[in-house]
1. Taking into account only those residues within segment 117-154 that are open to solvent by 10 Å² or more (accessible area, probe 1.4 Å) and among the charged types (D, E, K, R), which is nearest to the ligand (Cβ to nearest atom)?
2. What number of residues within segment 155-165 satisfy the criterion of being part of a loop (DSSP other than H, G, I, E, B) and within 16 Å of the ligand (Cβ to nearest atom)?
3. Considering V143, V132, which residue is in contact (Cβ under 8 Å) with a residue 12 or more places away in the chain and within 21 Å of L285 (Cα to Cα)?
4. When you look at S186, is it in contact (Cβ under 8 Å) with a residue 60 or more places away in the chain, open to solvent by less than 10 Å² (accessible area, probe 1.4 Å) and touching a Gly at 6+ places or on another chain (Cβ under 7 Å), yes or no?
5. Within segment 290-302, how many residues are outside any strand (DSSP E or B) and buried (at least 17 other Cβ atoms within 10 Å of the Cβ)?
6. Identify all residues within segment 303-340 that are over 17 Å from P9 (Cβ atoms) and either assigned to a loop (DSSP other than H, G, I, E, B) or over 22 Å from the mean Cα position of the chain (by Cα) (or both); write none if there are none.
7. Those residues that are open to solvent by less than 40 Å² (accessible area, probe 1.4 Å) and not polar (S, T, N, Q), I need them from segment 307-328; list them, please.
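The values are calculated or read from the model by the stated rules, or taken from the named source; none is laboratory data. Because the structure is a prediction, the values reported are computed rather than measured. With ideal geometry, Cβ positions are generated from the backbone for all residues, glycine too; neighbour counts draw on all protein chains shown. Accessible surface is based on the protein model in full, side chains and every heavy atom, while ligands, DNA and RNA are left aside. Shrake-Rupley method; radii C 1.70, N 1.55, O 1.52, S 1.80 Å.
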Amino acid sequence: MEKTYLFAPGPTPIPPEVLLAMARPIIHHRTPQFQKLFRGVLEDLKYVFQTQQPVLVLASSGTGAMEAAVSNLLSPGEEVITIRGGKFGERWAEICEVYGVRSVNIDVEWGKAVDPQVVEDTLKDHPQAKAVFWQASETSTGVKHPNQELAQICQKYGVLSVVDGITAIGVFDVPMDAWGLDVVVSGSQKAFMLPPGLAFIALSEKAWARVEEAKCPRYYFDLRKELKSQSKADTAYTPAVSMIMGLRASLDIIKREGLENIFARHALLSKATREAMKALGLELLASESPSEAVTAVKVPPGVDGGAITKTLRDKYGVTIAGGQSQLKGKIFRISHMGYVSKADMLLVIGMVEVVLKELGYPLELGKGVSKAQEILFP
Ligand SMILES: *Cc1c(COP(=O)(O)O)cnc(C)c1O
């Protein structure tokens, strides 16, 4: 039996409507047909990002938009502050380093959210800092940072807030304009329910003003060129046409459900997952400030962490994620992001139980599932 199920925090499952949209004959991109499609997509992306600013579409994975944020906003030698509480926080700092931007890193224990006071103190100590970089949802640890408070602190100190919203946009509420965020990036293979290959980036007016002054080198990811083209529903280079056809379909699904309902669904599925894991006697990595995108669970003592993900995948066709870097073998991660239903959660929780039992963890089958059932179907 080769039926498979995907519960990794990217790529995530893709609805059949989206797959079918991408399977249609490709159209040429320098045509009124493409422009009509693209214009509609760009308009609806503003709804998802909760902004009046243009949301630019780039042909790259999410990291492309992260790199674009650094190279378009800063000059070599300038100083920024990076909240580094996981693999993706490290990525911001690494990109800055490559561009000669000096990153003052706030190291946060993996699994914990940053303390806003520490960010404020760091800004006081570094009055030259131009921006604060962070993850709205740090996918490697399953943590949600205190996003609104961080946005307020950035405003208070007059620095740009640059947010990796790759597993936040379309998962929980991060209203860009209402919170005054300066840069928000996202990517296609998470809550947008698409394959990997598109990145999105939106900038505030203040951030756009910085783009003109920034001296970091850039070519493919020169946002000035993209803004000029995309404001005419065109693109600077060949767009990922079929992906944009898929994006049209996924935005239709998102609009039909509505952001409010989407946020409520992710909140419910994530709560059910966390409570189910606790009912099995397992400990959560991000117990205080969990993200609604993904739940990170500590591997119980005596169980081989790598074997959990491997057995689920190779024996039962269920893909979840393990830990990255320092968390490799120490956690497993269950995604409930994007095209995921209540029924899906019972499947993955039930299968995690089966595999943990097989690997020698003493548990009573069904305890996690029944906890999840209580929460999902009150
Ligand atoms: C997936 C992800 C990224 C982007 O990774 P890509 O492999 O470039 O798509 C960046 N940040 C976070 C928080 C992510 O979850």
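1. Ranking the qualifying residues of segment 117-154, first place goes to K144.
2. Qualifying residue count for the region: 1.
3. Details: V132 fails: within 21 Å of L285 (Cα to Cα).
Result of the check over V143, V132: V143.
4. Values: in contact (Cβ under 8 Å) with a residue 60 or more places away in the chain: yes; open to solvent by less than 10 Å² (accessible area, probe 1.4 Å): yes; touching a Gly at 6+ places or on another chain (Cβ under 7 Å): yes.
So S186 fits the description; yes.
5. Taking segment 290-302 first, the residues outside any strand (DSSP E or B) are 291-293, 299-302.
From what is left, the residues that are buried (at least 17 other Cβ atoms within 10 Å of the Cβ) are 291-293, 299-300.
Matching residues across segment 290-302 total 5.
6. At the first step, the residues of segment 303-340 found to be over 17 Å from P9 (Cβ atoms) are 303-304, 306-307, 310-311, 314-317, 326, 329.
V303, D304, G306, A307, K310, T311, D314, K315, Y316, G317, G329 - these are the residues of segment 303-340 that are over 17 Å from P9 (Cβ atoms) and either assigned to a loop (DSSP other than H, G, I, E, B) or over 22 Å from the mean Cα position of the chain (by Cα) (or both).
7. A307, I308, L312, G317, V318, I320, A321, G322, G323, L327
Results for (1) in contact (Cβ under 8 Å) with a residue 24 or more places away in the chain; (2) within 12 Å of the ligand (Cβ to nearest atom); (3) within 16 Å of G64 (Cβ to Cβ); (4) open to solvent by less than 20 Å² (accessible area, probe 1.4 Å), shown as yes or no for each residue.
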{"site": "A191", "(1), (2), (3), (4)": "yes, yes, no, yes"}
{"site": "P195", "(1), (2), (3), (4)": "yes, yes, yes, no"}
{"site": "A199", "(1), (2), (3), (4)": "yes, yes, yes, yes"}
{"site": "E205", "(1), (2), (3), (4)": "yes, no, no, no"}
{"site": "A209", "(1), (2), (3), (4)": "no, no, no, no"}
{"site": "E213", "(1), (2), (3), (4)": "yes, no, no, no"}
{"site": "C216", "(1), (2), (3), (4)": "yes, no, yes, yes"}
{"site": "K225", "(1), (2), (3), (4)": "no, no, yes, no"}
